[in-house]
Amino acid sequence: MGHSLLILNGPNLNLLGTRQPEVYGSTTLTDIEDACRATASRLDIDVSFLQSNHEGVLIDAIHDARGVHDGIILNAGAYTHTSIALMDAIKSVCIPVVELHLSNIHQREEFRHLSYISKVAVGQICGFGAAGYPLAIEALTGYLGTS
C-alpha cells in the first residue's frame, strides 16, 4: 500500500441519510465509507474511518494519527465554526489536512462562513455532497505525492 489516510467525521454525521436530506443528501455514512474504500483501492492507499459526536475524541484521533497516517480528511461538522481546539490539534501534529463539507458552507448561514479548520488545512472541499469524499482522497493523495 501507498499512503495511509484517516477520514474523520464529526458531530451528527452518523445521521447522514436521514438528517436534513435536503441539505446533506440521502447517502449514509456507510455509503460514503464504501465509496472511499473503492477510491482508496484504485489509488493503492489505506484508509481508516472514525466518526464521533465528541470534540475530545476527534482531537485524540488527530493526535494519534502521528506516525500512523500521512494525511487526514476532516469533516468537523459544526465544530468547524467553533473549535479552536481542533485547529490547534491539527497545527500541533504537522499532518496535512483537507477540510471537507457536504454542503457549501459559504452559501449558508453567516456563522457557517467562519472556519477555524481552513486556517490550518491544505485545502477545502465543500458543496459536492458525498462525492466530496472521493475528491478529497484524490486531492490529498496528489498533495502528498508532491510535498
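The values are calculated or read from the model by the stated rules, or taken from the named source; none is laboratory data. What you are looking at is a predicted structure, and each value in this text was computed from that prediction instead of being measured. Backbone-built Cβ (ideal geometry, glycine too); neighbour counts: all protein chains shown.
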Quiz prompt | Filter pass, Y116 being more than 28 Å from S41 (Cα to Cα), surrounded by 17 or more Cβ atoms within 10 Å (Cβ to Cβ), modelled with pLDDT of 95 or more and not aliphatic (A, V, I, L, M) | solution = yes
Quiz item: Across segment 119-147, which residue is modelled with the lowest pLDDT among those that are β-branched (V, I, T) and part of a helix (DSSP H, G or I)?
Solution: T146
Quiz item: Can L86 be described as surrounded by 19 or more Cβ atoms within 10 Å (Cβ to Cβ) and either in a helix (DSSP H, G or I) or on the phi > 0 side of the Ramachandran plot (or both)?
Solution: yes
